[in-house]
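Colleague: Just passing along the structure, written as structure tokens.
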Amino acid sequence: MSTTTSSPSSVAHGHGAPAPDATTAATSDPGRALPVLAVDLVADPELLEGLADLARGLEAAGVGALTISDGGLHPIHVASHLAPLTRDVALLPRTDAVYVEPFHLATQLMSLDHISHGRAGWLLTAETDPAVAAAVGRTTLGLEATAREAADVLEASRLIWDSWAPDAVVRDTGRGVYVDASRLQYADFTGETFSVRGPAITPRSPQGLVPVLVADTDRAAAGERAAVELADGRALDLDVSTGSGAVLETVDAARADEDGPPVHLVRLVGLDLEADPLGTVTELATALREQGLVAPAPTTGQSLREQLGLPLPPYSNDPARRSDRARLTSKDPA
Amino acid sequence: MTTAQFPTLADSGLSAEAAALATGTAEHPIHSDHTPTGQLAFGAFFQGVNSSTIWRLPSSGDQVAWESFESLVRTAERGKFAAFFLGEGLRLREHRKVPFELDVAGRPDAQTLLAALAAATDRIGLVATQNTTYNDPVDLARRLQTLDLLSGGRAGWNIVTTDNAWTGENFRRGGYLDHADRYLHAEAFVEVAEQYWRGESISHDGAHYSVRTQGDLPASAQGRPVLFQAGASPAGQDFAARTADVIFSPHGGLEAAVDFRRSITERVVAAGRDPGSVKILPGAEIILAPTEAEAEEKVRWVRDLQVGPEQAIALLEQYWGRDLSGFDPEGPLPDVAPEVSESGVTRGAGFQFAKAEELTRTWREEAAQKGQSILEFAREKSGARRGTFTGSYDTVAERLADFARLGAIDGLNITPWLIPSGLDDIVDHLVPRLQERGVYPAEYAGATLRENLGLDPL
């Protein structure tokens, strides 16, 4: 590995010979840090046997992130399974926000963050397939309602992730207190179709808030609010199933586009993983890096937030949602 | 066939206590329909939230760190444990409307964690406690099958039910289920899951949900996840007898375990199943030392660390339903009446539905009779809530061999009182003694959880 720095702002300097404009963009605007190169793995049961080797091979090829798409196996579990089998690569399940129990989904994603030591992300999709709705006994939502639901679930998830202060587990042997309730808060989210009380059943995860990205493929269904206002950024989808011809130009053009949300992930989809995926990926990764179009390969211990140039979010304590308010109220003079 | 061809009860090495509980032949010591395998399978139960896990020691590890789970599961696998279980709680426990501060709290999602542990282990089963009330059956079935495929046929599901609106506040459905309906609902839920695992086309319209889908994943090496159930009530026992592969019982005492085996055997036969097809694993805490005297001392030490003065008062407050902080933990039990008629649900399943008036009166009398302080009483009660095997390595090994030979249980589901080193002495000192006595496997029987629990193929 050519660089060992974990500081996101210095990432572009430490590597190869980046194009001058890319370096400038990365240093002048941290929101526009170099995107991370990702490869999409479809979680097909057929893929199981070679899955560990494939993930490790892609990591060795310098890929910064793996997105795990739904191919039958559950993407979050497959991402979690890959966590101890890999060391540096970020893991982003591409998974539905709509036909789910938001509390379970948020818990699963923050658990993935614990297990992977801060390498978790969420590539949010908003399901439109009626079969998925029928499987959970719900009727398909219209496009507008789907988008609203996706935004609600994303907001609820962040409130759940933010419900424990980083130092909530105090282990105060003197007072006999393990967890300090004043450092916990209720999520208290009420959306159109569901509400969540909280707090999380899981302590705050290493990244605090798991980075949420929306792939171009999913932007329409997820809606502008989830995709543009709420998400941390966009995943530029590059279908390489018919060759990798215009990849560099496309990435360059997308990064220059100042209007949309920042390109945080350059995602290679449609790779033939049975043939020679590592060869194609290694070649593309090298070319993209030489042009200064994607971030260097991640270093051990680097979180996905660091890779993406996102600051660690501070714990935001809302006095109205403090979970020990009942205790405070009961101590008020009568 | 006469019993003379088989060893007699006296020959089988049973203690006098165990032999006295046997009413049948050497082949079927406790029920004519039940044949003991004479073998024990161990499970490690990482509960995550409870009062038994000690957090005050320097050796108490992080309760959510990957390293803690990895270390514990590796020890369990070294000891040829059949399974590693994770508990579940879908709302942070509260005490007097404030999240409970005195016990270990906070844990990762069970299945997400087990999917990762599947990559760190080879043989041990991976069992997730998952609630039927606050999950969608197809979503849960698909997750469990994913875990089963990722682990090469080592997944299990500990089926639990809830009906309270307090937990439901975290979920779309809220508290929509009547208490009486929870097993009916659970049974319909399990049926849908089984249809999904069999790859069937599902069209279910039940009282609580409708499902239209098609099972679309291949079967795992063991066919489907192993089903666990903790059925203590008659309705729970019937549900378990009809659906479960393994039952977690609360009965750690030999006599109670024998009674439970008889009860389950009858219900399993009534459900048209082979009694050997349902295994019984009581929940257990094991506290060991080289000698009896050291073990006694260690039990006191463990209880002191598990239940401090604050926890003792909080335990009573749970049943009294009022502030008892003015009472001295070293003094007698509070001589005041409870403010509730039933204990609350907010501390989880283990604390539900006790009639407060009756219970607090009984407790006061019991403590007074034994001359116990609040602290002493709470420490004893805290230990009494689970099956406890304490003593020297040899005593406990001999006692467990009795259970196995009699066929009272098929193993134990052990909650370590310390994370992550709480299984070390069990694996290093108890397991070899059980192996010497021929009641514990020297090697894993196979690659799947079904095989390692001694369950027949589906």
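Colleague: Applying the Karplus parametrisation 6.51 cos²θ - 1.76 cosθ + 1.60 with θ = phi - 60° to the phi angles of region B:412-418, what ³J(HN,Hα) value in whole Hz is obtained for each residue in order, glycine and proline being reported as x?
Modeller: 9, 10, 9, 8, x, 8, 9
Colleague: Still on this structure, I have one more. Place the peptides A:141-147, B:98-104, A:119-125, B:140-146 in order of packing, highest mean first, counting for every residue the other Cβ atoms within 10 Å and averaging per peptide.
Modeller: Taking the mean over residues of other Cβ atoms within 10 Å, the ranking is A:119-125, B:140-146, B:98-104, A:141-147.
Colleague: Name the residues whose placed amide hydrogens come within less than 5 Å of the amide hydrogen of B:Asn413, ignoring near sequence neighbours (fewer than 5 apart) on the same chain.
Modeller: Placed amide hydrogens put B:Gly43, B:Gly283, B:Ala284 under 5 Å from B:Asn413.
Colleague: Stretch A:Arg225-A:Thr300 to full length: gain in nm at 0.36 nm per residue minus the Cα-Cα span?
Modeller: 23.6 nm
Colleague: In whole Hz and in residue order, list the ³J(HN,Hα) couplings for region B:367-377 that follow from phi through the Karplus curve 6.51 cos²θ - 1.76 cosθ + 1.60, θ = phi - 60°; x for Gly and Pro.
Modeller: 5, 4, 4, 8, x, 8, 7, 3, 5, 5, 5
Colleague: Same structure again: Name the residues of region B:113-145 whose accessible area, probed at 1.4 Å, falls by at least 10 Å² once all protein chains are in place instead of their chain on its own?
Modeller: B:Leu113, B:Ala115, B:Ala116, B:Ala119, B:Tyr134, B:Asn135, B:Asp136, B:Val138, B:Asp139, B:Arg142, B:Arg143
Colleague: Quickly work out the B:Arg96-to-B:Asp456 label distance, labels modelled 7 Å from Cα along the C-beta direction, and quote it in nm with one decimal.
Modeller: Simple spin-label model gives 5.6 nm for this pair.
Colleague: If you roll a 1.4 Å probe over the heavy atoms of the protein chains, what accessible area per residue do you get for region A:208-334, in Å²? Walk me through the numbers before you get to the answer.
Modeller: Working: 5870 Å² over 127 residues.
Per-residue value: 46 Å².
Colleague: Taking 7 Å along the Cα-to-C-beta vector as the label spot, tell me the B:His179-B:Ser341 distance in nanometres, rounded to one decimal.
Modeller: Calculated label separation equals 1.1 nm.
Colleague: So how far, in whole Å, is the C-alpha centre of region B:58-80 from the one of region B:125-164?
Modeller: 22 Å
Colleague: Follow-up question, since we're still on this one. Please average, across the residues of B:392-402, the number of beta carbons from any other chain that are within 10 Å of each residue's own beta carbon, and give a whole number.
Modeller: Average neighbour count from other chains, rounded to a whole number: 0.
Colleague: Any aspartates and glutamates with Cα under 18 Å of the B:Lys370 Cα? List them, leaving off those in the same chain fewer than 8 positions away.
Modeller: B:Asp328, B:Glu330, B:Asp335, B:Glu380
Colleague: Which whole number gives the average, over all residues in A:83-92, of C-beta atoms from other chains lying within 10 Å of the residue C-beta?
Modeller: Taking the mean over all residues of the peptide, I get 2.
Colleague: Same structure again: At a Förster distance of 60 Å, what's the computed FRET efficiency of B:Thr395 paired with A:Arg175, Cβ-Cβ distance as r, to 0.05?
Modeller: 0.95
Colleague: Here is a further query. Do the sum for the protein assembly as shown: with -39,500 (n - 2.57) for every DSSP H run of n ≥ 4, divided by all residues, what is the mean residue ellipticity at 222 nm, to the nearest 500 deg cm²/dmol? Don't skip to the answer; put the middle values down first.
Modeller: Working: 26 runs with 275 residues, N = 792.
My calculation for the protein assembly as shown gives -10500 deg cm²/dmol from helical runs alone.
Colleague: Next question, about the same structure. Taking θ = phi - 60°, what integer Hz values does the Karplus form 6.51 cos²θ - 1.76 cosθ + 1.60 yield along region B:103-110, in sequence order, with x for Gly and Pro?
Modeller: Residue by residue, region B:103-110 yields 10, 3, 8, x, 8, x, 4, 4 Hz.
Colleague: Within 10 Å of each Cβ in A:53-60, how many Cβ atoms from other chains are there, averaged over the peptide?
Modeller: Per residue, the average neighbour count from other chains is 0.
Colleague: Run the simple label-point estimate for B:Gln214 and B:Asp274 please: 7 Å along Cα→C-beta, distance reported in nm.
Modeller: 3.4 nm
Colleague: If amide H atoms are built 1.01 Å from N in the plane of the peptide, which residues on other chains or at least 5 residues away come under 5 Å of the amide H of B:Gly156?
Modeller: Those lying under 5 Å, H to H, from B:Gly156 are B:Leu126, B:Val127, B:Ala128, B:Val226.
Colleague: Which far-off residues, 5 or more places away or on another chain, put their amide H under 5 Å from the one on B:Lys279, with H placed in the peptide plane?
Modeller: Those qualifying (amide H under 5 Å, at least 5 residues apart or on another chain) are B:Val246, B:Ile247.
Colleague: What pairs from B:Lys298/B:Lys355; B:Lys80/B:Lys298; B:Lys97/B:Lys279; B:Lys97/B:Lys381; B:Lys97/B:Lys355 go past 31 Å between their alpha carbons?
Modeller: Values: B:Lys298/B:Lys355 33 Å; B:Lys80/B:Lys298 26 Å; B:Lys97/B:Lys279 39 Å; B:Lys97/B:Lys381 23 Å; B:Lys97/B:Lys355 20 Å.
In this structure, B:Lys298/B:Lys355; B:Lys97/B:Lys279 lie more than 31 Å apart at Cα.
Colleague: For B:Arg78 and B:Glu436, what is the calculated FRET efficiency with R₀ set at 22 Å and r taken between the beta-carbons, to the nearest 0.05? Could the numbers behind the result be given before it?
Modeller: Details: r = 17 Å, r/R0 = 0.78.
With R0 = 22 Å, the Cβ-Cβ based efficiency is 0.80.
Colleague: For the peptides B:128-135, B:22-29, A:284-291, what is the packing order when you average, over each peptide's residues, the other Cβ atoms within 10 Å and list the highest mean first?
Modeller: Highest to lowest by the protection proxy: B:128-135, A:284-291, B:22-29.
Colleague: Could you rank A:Ser80, B:Ser51 by how accessible they are, 1.4 Å probe, largest area first? Walk me through the numbers before you get to the answer.
Modeller: Values: A:Ser80 0, B:Ser51 20 Å².
The residues order as B:Ser51, A:Ser80, largest area first.
Colleague: Between B:Thr23 and B:Thr291, what FRET efficiency follows from the Cβ-Cβ distance if R0 is 35 Å, with the result rounded to 0.05? Please list the in-between numbers first.
Modeller: Numbers: r = 35 Å, r/R0 = 0.99.
Calculated value: 0.50.
The values are calculated or read from the model by the stated rules, or taken from the named source; none is laboratory data. For clarity, every value in this text was computed on a predicted model and none was experimentally measured. With ideal geometry, Cβ positions are generated from the backbone for all residues, glycine too; neighbour counts draw on all protein chains shown. Each accessible area value is taken on the protein alone, full model and side chains, heavy atoms only, with ligands, DNA and RNA left out. Shrake-Rupley method; radii C 1.70, N 1.55, O 1.52, S 1.80 Å.
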